[in-house]
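Below: one structure, written as structure tokens.
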């Protein structure tokens with residue numbers, strides 16, 4: 001932006017000694033609130049996949065937003081870089097410390113109170129260190145529902161969900177985390193607290209500041225509290241597996257399903273035949289659920305909180321799908337056990353994929369209507385580059401979100417495999433760009449996807465993003481190097 | 001923010017003459033694209049209520065985003081303040097020019113192409129000057145639905161809907177405009193175009209820049225295009241009028257309705273008895289819809305795009321409501337005509353209110369669970385301050401959005417009335433603050449609500465908002481003085 005003064009960012013000096021930081025933290029938090037023994041760091045440097053990243057200077061474990069604010073103010077004064085940490089289920093290296101800059105890890109694991117549940121307002125106010133499952137359970141006890149649903153929900157934390165704008169299984173019906181946040185409390189990089197904990201469903205008073213921090217991956221402030229929107233708890237649900245002749249039919253079936261199921265659809269997942277076979281490979285007691293094999297399947301679910309005949313809705317969808325020639329076979333689960341068995345396919349296919357060893361995982365999104373053409377072109381070109389690669393492309397159709405994954409040919413050396421997967425990823429992301437898609441539908445950028453991300457940015461986008469970072473965190477102390485590169489390296 | 005350099009904003013000099021601006025604009029837009037005759041200004045200075053505000057320097061009527069960009073770049077170079085204008089249905093004076101600073105009005109009325117409708121992706125891409133009703137009609141032709149619904153939908157424009165984060169009737173089910181925007185195209189204050197016209201339902205690649213411009217009331221850039229999210233078109237709807245003993249019962253009935261109606265609820269409006277009486281006063285053929293009068297009523301609607309028995313749902317709600325003692329009577333419309341008659345109450349009550357002459361209109365929001373206590377305290381204190389005032393408080397219960405309006409006693413002089421209404425508004429806003437509510441649920445801040453708004457801001461909020469303005473528009477040329485005050489006056 002022409003109007004922003006380019007500030008000279010002061011070099012990250014370390015004007016305090018380890019002993020000083022240790023003393024400050026233990027005075028503030030007590031001994032249990034500080035971890036400075038590298039032998040105990042593993043828990044704070046390991047991501048979900050079990051990989052270790054970086055080395056913290058120290059780990060602080062505050063219990064209150066005010067303690068977070070004091071720590072941040074101290075770090076701001078003394079130019080100590082910080083990284084806030086939730087439940088370690090990120091996939092892009094955003095929350096683990098780096099190796100070179102001696103970052104202070106601020107773990108929010110002890111900031112975990114449910115502050116207030118308001119069933120009449122359909123809202124719940126929580127500390128950011130609350131585990132997602134805990135929030136879901138609290139909602140359920142009040143006959144409400146917090147819809148965010150992720151594989152990691154037993155360990156991931158609300159602050160991480162906010163900071164990564166988490167997606168997951170129910171986005172189609174309930175939106176991503178951004179749609180579920182009514183209010184936020186954030187410790188700003190200078191240590192002041194932004195208190196936006198309003199439990200309002202509507203508020204147009206000035207710029208909506210909470211939007212800045214949702215999905216910012218901790219680079220603009222540390223989320224310490226959130227007011228979340230609840231829904232009525234579903235009382236009934238129905239699942240079905242549908243067989244389609246090709247991906248294009250799946251898309252047309254989706255358009256019918258949205259209508260037949262009256263927006264009560266909670267999941268609509270594409271499962272290609274290869275994935276079903278991987279699932280059967282991983283789970284030998286799993287039988288082919290339909291008589292004849294089909295090129296692609298859809299796993300779907302609809303749910304409702306009141307008196308609705310979901311069977312009639314899904315049967316209506318079957319009729320319309322057969323009539324339109326986009327559906328060749330299908331099974332509607334007639335019991336909870338049958339439904340669980342259908343959804344077991346999705347878990348087993350992930351296991352089958354893992355069993356095949358290291359592979360390229362992506363998380364791209366496209367306009368739903370481009371999925372057929374994208375899938376065709378990406379498959380053709382990836383197979384041309386590497387005929388022995390195996391493509392596994394499944395995903396959330398209603399979100400246009402495809403996990404286009406690639407298993408490399410067996411027998412490659414680690415280095416050779418890494419180079420190949422990197423080349424294939426670059427090529428795939430180029431195709432994503434050609435279709436006006438996103439290289440990160442839900443996982444974010446963090447550190448691992450930064451290079452690819454920066455290539456997608458226009459000059460105005462880069463300027464505004466850099467300006468936002470400089471506006472909120474002029475000393476570049478908060479999760480530095482995530483999303484955007486450091487201004488000086 | 002401690003890290004932002006406080007720039008000295010150069011004084012708004014006018015280094016070009018009227019003739020130069022006129023020549024530049026007519027070269028770019030042709031003669032029909034420039035209006036410089038004050039006799040033709042009325043259309044651009046008059047708001048929805050018919051009040052005239054300010055005098056433009058000139059009016060530019062571009063046809064393309066590129067023309068908007070050229071105009072803005074020219075204004076940026078020559079320090080000409082600008083105000084973008086949509087359909088003139090704002091209520092806070094944001095889009096009309098001011099009287100002193102010779103602003104260039106940039107009317108988007110000719111930037112009105114529907115660019116692309118994608119029924120498989122459930123999205124539509126439009127110019128920002130498209131009229132809301134035109135977009136709704138286009139969606140309907142493709143068997144889709146664009147849910148934003150406002151009284152002004154026949155004249156308001158998409159750009160204004162985005163810039164004010166418009167609410168309206170369907171927020172309960174579909175969210176506000178923010179939830180309906182997938183992508184944006186914005187001309188930045190320096191004349192560059194931010195192209196974020198991605199038709200993606202999920203995208204976590206970096207900071208979500210479009211959020212900055214939604215609800216910014218044109219102060220950070222001019223929206224020239226938007227990709228909007230569509231839904232399936234509802235096929236059936238059912239309306240009902242329900243009688244409740246008090247507001248608290250209405251809130252409890254709402255919690256039941258969310259469940260019984262499975263999130264298919266599209267409206268849940270509080271109508272106090274006073275409003276029904278105003279409606280009957282304005283529309284003498286309107287009869288009392290229920291046998292006995294009731295202190296409060298609810299007008300509700302549910303709608304669905306597929307095979308659902310809405311009658312059964314609403315009957316289920318009646319049963320649960322009677323059982324819980326929160327419902328005393330009710331009528332379910334058995335035909336479209338009956339439904340229209342029920343909704344006629346809402347229109348007629350607004351007419352009845354208008355017929356009573358000038359009054360205080362507010363647009364506040366509160367946690368739904370605070371509505372009873374807020375209503376009680378606000379009524380008591382307003383009546384204590386002015387025993388002859390008549391309170392008319394209706395609104396969208398599911399959004400916690402109350403139009404708490406006050407009719408002054410008859411017979412006051414204009415000046416006396418204005419002073420009284422101002423005093424009552426100030427007092428009401430204090431109570432809103434005590435309940436952690438918002439003084440503007442959907443209308444925005446613009447110029448008229450700025451004083452009250454600034455009083456609600458904390459120091460960090462003010463600093464970040466001011467920083468955002470300075471980051472995007474360092475010369476303060478874009479809708480200056482709206483939301484935030486000018487840095488120098």
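Read the figures in this text as sums done on the coordinates, not as results from a lab. In this text the structure is predicted, and so the values were computed from the model without any measurement. With ideal geometry, Cβ positions are generated from the backbone for all residues, glycine too; neighbour counts draw on all protein chains shown.
Brief remarks on what is shown
- Distance between the pseudo-spin-label points of residue A:324 and residue A:64 (7 Å out from Cα toward the beta carbon): 5.7 nm.
- Inter-chain Cβ neighbour average for residues B:225-235, partner chain, 10 Å: 2
- Nearest-ten-degree value, helix A:18-29 long axis tilted from longest Cα axis of chain A: 70 degrees
- Backbone N within region A:41-77 under 11 Å of label point (7 Å from residue A:27 Cα along the Cβ vector): none
- Label-point separation in nm, residue A:209 to residue A:331, each point 7 Å along Cα→Cβ: 5.5 nm
- Region A:177-222 and region B:405-439 have Cα centres separated by 30 Å.
- Take every Cα pair under 8 Å whose residues are at least 6 apart in sequence, average their separation, divide by the length of region B:1-155, and the relative contact order is 19 percent.
- Net length gained if the chain between residue B:356 and residue B:462 were fully extended (0.36 nm per residue, minus Cα distance): 34.3 nm
- Average partner coverage of A:444-456, which counts Cβ from other chains inside 10 Å: 1
- Mean silhouette area of region A:172-292, derived from the convex hull of its C-alpha atoms and averaged over all directions, reads 12.2 nm².
- Rounded if a/c under 1.5, otherwise prolate or oblate - the protein assembly as shown, Cα gyration tensor axes: rounded
- Computed from the Cβ-Cβ distance with R0 of 22 Å, the FRET efficiency linking residue B:195 to residue A:434 stands at 0.90.
- Principal axis dimensions, largest first and in whole angstrom, of region B:410-478 by Cα: 50, 30, 20
- Alpha-carbon centroids, region A:276-338 and region B:125-142: separation in whole Å: 35 Å
- Overall form of region A:298-375 per C-alpha gyration tensor (a/c, 1.5; a/b vs b/c): oblate
- The residue A:486 and residue B:281 beta-carbon pair, evaluated with R₀ = 60 Å, returns a calculated FRET efficiency of approximately 0.35.
- Descending semi-axes in Å of region B:366-489, equivalent ellipsoid built from Cα gyration tensor: 31, 19, 12
- Taking the C-alpha atoms only, the angle from helix A:336-355 to the longest principal axis of chain A is near 60 degrees.
- As a calculated quantity, the FRET efficiency between residue B:451 and residue B:179 at R0 = 41 Å, using C-beta atoms, amounts to about 0.85.
- Cβ crowding within 10 Å, taken as a proxy for footprinting-reagent exposure, orders A:101, A:422, B:344, A:88 from fewest neighbours to most as A:422, B:344, A:101, A:88.
- Axis angle, to the nearest 10 degrees, between helix B:132-141 and the longest C-alpha principal axis of chain B: 70 degrees.
- Per-peptide average of other Cβ atoms within 10 Å, ordering A:208-216, A:243-251 highest first: A:208-216, A:243-251
- Look at the stretch A:257-268: the mean tally of other chain Cβ atoms within 10 Å of its residues' Cβ atoms is 5.
- Shape call, chain B: gyration tensor on alpha carbons, a/c limit 1.5: prolate
- Remark: the residue A:17-residue A:418 segment gains 140.4 nm on full extension, using 0.36 nm per residue and subtracting the alpha carbon distance.
- For region A:21-55 versus region B:448-475, the inter-centroid distance based on Cα atoms is 38 Å.
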